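Heads up, the thing below is written out as structure tokens.
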Amino acid sequence: MQRSETEAILNQYYVAMKSANEAAFKEVVTDDIVIEYHDSTGVLPWSGTYSGFAGFQQFLATVRENLVIDHVVPQATYIDGNTAIVVLDGTWTSRLTGQKTQVVVNIFTMREGRVAKY
């Protein structure tokens, strides 16, 4: 897959994330996608491993129950083989506390033109 194709898919992923558009996600993630969200403190309700599109939907629903996505702007993308690292300017707000959180990097594994792991 060409770098430009990977970047386009990841841009579509972030557009789908902002709009919560399930059909758009189906276009850019594999049916057997795996989400591994690590939390060494054990306080993030969405931490854990989620498998398949249903698991991906569960992950997104849990995130949306707890956070409001204020903005997500990719700043740089680094691609090596099937791995893509996206450096972000992203801010989320906790629905419970109102506290702002910044996300600075996402790591993706790509397969056959789609996101296979996050």
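Every number in this text was worked out from the coordinates using simple rules, so none of it is lab data. The structure presented is a predicted model; accordingly, all values stated were derived computationally and were not measured. Cβ placement follows ideal geometry from the backbone for every residue including glycine, while neighbour counts extend to all protein chains displayed.
In table form, for the structure just shown:
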read-out: Among 60, 44, 88, residue whose mean-square fluctuation peaks in a GNM of the chain (springs only between Cα atoms under 10 Å); value: 44
read-out: Label-point separation, residue 57 to residue 95 (7 Å along Cα→Cβ), nm; value: 1.8
read-out: Gaussian network model of the chain, Cα within-10 Å springs - most flexible of 57, 75, 12; value: 75
read-out: Partners for residue 117 among aspartates and glutamates (Cα-Cα distance below 20 Å; same-chain residues under 8 apart left out); value: 5, 7, 22, 27, 31, 32, 36, 39, 80
read-out: Helical contribution to [θ] at 222 nm, DSSP H n ≥ 4, -39,500 (n - 2.57), averaged over the chain, rounded to 500; value: -10500 deg cm²/dmol
read-out: Degrees between helix 52-66 axis and first principal axis of the chain (Cα, 0 to 90, nearest 10); value: 40
